[in-house]
Amino acid sequence: DAGVTQSPTHLIKTRGQHVTLRCSPISGHKSVSWYQQVLGQGPQFIFQYYEKEERGRGNFPDRFSARQFPNYSSELNVNALLLGDSALYLCASTPAGGPETQYFGPGTRLLVL
Amino acid sequence: AQSVTQLDSQVPVFEEAPVELRCNYSSSVSVYLFWYVQYPNQGLQLLLKYLSGSTLVKGINGFEAEFNKSQTSFHLRKPSVHISDTAEYFCAVIPVGGTSYGKLTFGQGTILTVHP
């Protein structure tokens, strides 16, 4: 079975632009979480979605938003990009969104110039 | 809220030597504990996890970790490391109760470098 997939793998944007990152969970998993990993730090929780509903939100500004589709795939959107948004964005999936093992995708590396 | 502290940012070690990567956590509720490994330019791979039961947990690639509730620690060990173990290692916790659902809280990471 395929693992968690993310697209694109790399992305370069300029300040003020908007970006959309995509994630497909493991087949049968209904929950997706998003994390931001700035260089040299551990991942920070952004959002969790389960059955298309937002279940949790980390300490990120409203420029960050996400949604989950009926097929359980997810998009992370970031508006008005800042230099500090440059990071590796990781997506993780779990079967039911509880305190379970999270399986991570390879990430999307975003560079904001 | 939860917090995780990895006590060493970098650990250099020679091949075939033993290694211990230290992790302490703080939480007002019960937690499950995880160790993930991240190879350069890749995502996170689960090494091992503690949910309940025996406090000594064995994972992939010969790694093991011991949960110590009184010291709120979850240190990762390997008796003999290989060059291929060079990577960054993250300790993480997730609350069992409360409303944080699936929010993983990570430590800052420990870079393990294995020298020949």
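The values are calculated or read from the model by the stated rules, or taken from the named source; none is laboratory data. Not measured: the values here are computed from a predicted model. We place every Cβ from the backbone using ideal geometry, glycine too, and count neighbours over all the protein chains shown.
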Exercise for the section: Quickly run through region A:8-18 and pick out the residues that are within 16 Å of B:GLN42 (Cα to Cα) and surrounded by 13 or more Cβ atoms within 10 Å (Cβ to Cβ). Expected result: A:LEU11
Practice task
Identify the single condition in (1) modelled with pLDDT under 95; (2) farther than 20 Å from B:GLY43 by Cβ; (3) surrounded by 14 or more Cβ atoms within 10 Å (Cβ to Cβ); (4) not hydroxyl-bearing (Ser, Thr, Tyr) that B:LYS103 does not satisfy, given that it satisfies every other one.
Solution key: (2)
Completion exercise
Filtering region A:21-51 for residues that are over 17 Å from B:GLY43 (Cα atoms) and surrounded by 13 or more Cβ atoms within 10 Å (Cβ to Cβ) leaves a count of 7
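Conditions (1) within 21 Å of A:GLY42 (Cβ to Cβ); (2) not basic (Lys, Arg), marked per residue:
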site: B:TYR50; (1), (2): yes, yes
site: B:LYS58; (1), (2): no, no
site: B:SER70; (1), (2): no, yes
site: B:ARG77; (1), (2): yes, no
site: B:THR105; (1), (2): yes, yes
site: B:GLN108; (1), (2): yes, yes
site: B:THR113; (1), (2): yes, yes
site: B:PRO116; (1), (2): no, yes
Exercise for the section: Using the structure shown, decide if A:ASN59 is within 14 Å of chain B (Cβ to nearest Cβ) and outside any strand (DSSP E or B). Expected result: yes
Exercise for the section: Among the residues of region A:99-113, write down those that are touching a residue at least 12 places away in the same chain (Cβ under 8 Å) and not charged (D, E, K, R). Expected result: A:GLN102, A:TYR103, A:PHE104, A:GLY105, A:PRO106, A:GLY107, A:THR108, A:LEU110, A:LEU111, A:VAL112, A:LEU113
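I'd like the residue in region A:1-13 that is among the small types (Gly, Ala, Ser) and part of a loop (DSSP other than H, G, I, E, B) and, out of all such residues, is farthest from the other protein chains (Cβ to nearest Cβ).
Filtering region A:1-13 down to residues among the small types (Gly, Ala, Ser) leaves A:2-3, A:7.
Within this subset, residues satisfying the condition of being part of a loop (DSSP other than H, G, I, E, B) are A:2-3.
Numbers: A:ALA2: 14, A:GLY3: 9 Å.
Residue satisfying both the conditions and the ranking: A:ALA2.
Identify all residues within region A:14-52 that are facing chain B (nearest Cβ under 9 Å), assigned to a strand (DSSP E or B) and not small (Gly, Ala, Ser); write none if there are none.
A:TYR35, A:GLN37, A:GLN44, A:PHE45, A:GLN48, A:TYR50
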Exercise for the section: Tell me, yes or no, whether region B:36-52 has at least one residue that is over 13 Å from the mean Cα position of the chain (by Cα) and touching a residue at least 40 places away in the same chain (Cβ under 8 Å). Expected result: yes
Fill in the blank from the handout: Among residues of region A:92-111 being more than 30 Å from A:ARG15 (Cα to Cα) and of a type in the set (Ser, Thr, Tyr), the residue modelled with the highest pLDDT is A:TYR103
Practice task
Report whether or not B:LEU112 is within 14 Å of chain A (Cβ to nearest Cβ) and either part of a loop (DSSP other than H, G, I, E, B) or in contact with a helix residue (DSSP H, G or I) (Cβ under 9 Å, 6 or more places away or on another chain) (or both).
Solution key: no
